[in-house]
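The structure under discussion appears below in the form of structure tokens.
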Amino acid sequence: MFIALSLIAAGLLLRQIDRIHFTRHAPRTAPPAQLLALQRARSNDLTPALLLAGQWIQITGWWLLAASGPLLSAVAAVAVAVHFRHLQEISHHAVHGVLARTRRANRLLAEVFAHHPLGLAPVELRRRRHVRDHHPNATLATDPNLAELAQAGLRPGITRAGFALALVRPLTPAGAAATIAALATDLRGQYSRLTVFLAFPVAAYVAAGWPGAVLGWLVPRLLLYPLLAWWSLLVEHTWFDPERRTGTPAETEAGRCLRLYPRSRVLATLAAATWLPYGDLHHYAHSAHPGLRWNYLPALERHLAPPHFTPDALALGPNSVARRHRQALDSLAATTRQPAHR
């Protein structure tokens, strides 16, 4: 257990090098031009590599801890899922070209530390899907994320039970099957990627036996990490009832984005450390200025007017994301059922 805890601590400390490098003497609030200039001045290829290496050092520590008993195995499963979610968001910034200094380094770091180990689609394909197809079309009919939500059943006319299941879709049989199908699609014909992907559960088994392979890899990758990623998708936008606005990018995005937990520092901190990491809690600011690294999104957010929806919770309460999504879908269904006026 000492080695496991040492690895977790060492990885955590290694990750701080990148954070300190980018945030030292940074302003608390500033316009995007000032923050972009600071980002360019500090851009490099080394600290992002140390950040990603730190994530995997911690994952290795959690694998070792998974062999220490049932309770620690369960904790390790959740912790590894959180790290996978972190890797997804760090590589998301690489897709936008702001993780490291050069485009080649961004692609290489994302592929080596995230896309290959997690079985994600090639970085260039993800770039096209996300940067070209999603960002300009967020909440519009051509947004691929809307299609993903619809495939999960989030459509007008959804039942109460269906909506509840949709909130935890990756844990349902249909959701788990969709996760496996997506993996198969992304890895089909990609033999080198498949080999690397399969090497990691083997490494988890070598480190900690079956607890490492099952609770340190299989459960996090197929169930828990997809759940965290799914929740993050749900809270990115007011998908089903955006306010169509024109003007600056920030003004446009303020009408279709939301900001979760604006009145609770505890919940916001917990979300940023787990399922909305590396700037995903500040998705509104990211949508307004996608070329800005996560380190500076809080400062930019303080500079911008707030978005039109600032919920206090994901699923529970009258001011929750789930409540708004459900009401929007019900309103769309009612509009569809209304007879046309002659």
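For the pair the stretch 270-285 and the stretch 114-182, the centres of their Cα atoms are 18 angstrom apart. Modelled spin-label separation between Thr159 and Met1, with each label point placed 7 Å from Cα along the Cα-to-Cβ direction: 4.7 nm.
Along the Cα-to-C-beta direction of Ala333, a point sits 7 Å from the Cα; which residues of the stretch 150-188 have their amide N less than 11 Å from that point? What the label zone holds, given the 11 Å backbone N cut-off, is 154-164.
With both labels modelled 7 Å from their Cα along Cα-to-Cβ, the Ala33 to Ala10 distance reads 4.7 nm.
Put a dot 7 Å past the Cα of Ala176, heading toward its Cβ, do the same for Leu233, and the two dots end up 1.9 nm apart.
Rg ratio for the stretch 231-296: its Cα radius of gyration over 2.2 N^0.38 Å, N being its residue count, equals 1.11.
One chain, two ends: Leu270 and Arg101. Fully extended at 0.36 nm per residue, the span grows by 57.9 nm beyond their Cα-Cα distance. If a/c stays under 1.5 just call it rounded; otherwise compare a/b with b/c (prolate if a/b is bigger, oblate if not). Do that for the stretch 232-342, with a ≥ b ≥ c from the square roots of the Cα gyration tensor eigenvalues. The shape class here is oblate. Think of it as helices only: each DSSP H run of n ≥ 4 in the chain is worth -39500 (n - 2.57), and spread over all residues that comes to -18500 deg cm²/dmol at 222 nm.
None of the figures in this text is laboratory data; all of them are computed from the coordinates on show. These numbers come from a predicted model, not from an experiment. FYI the Cβ positions are ideal-geometry reconstructions off the backbone, even for glycines, and counts take in every protein chain you see.
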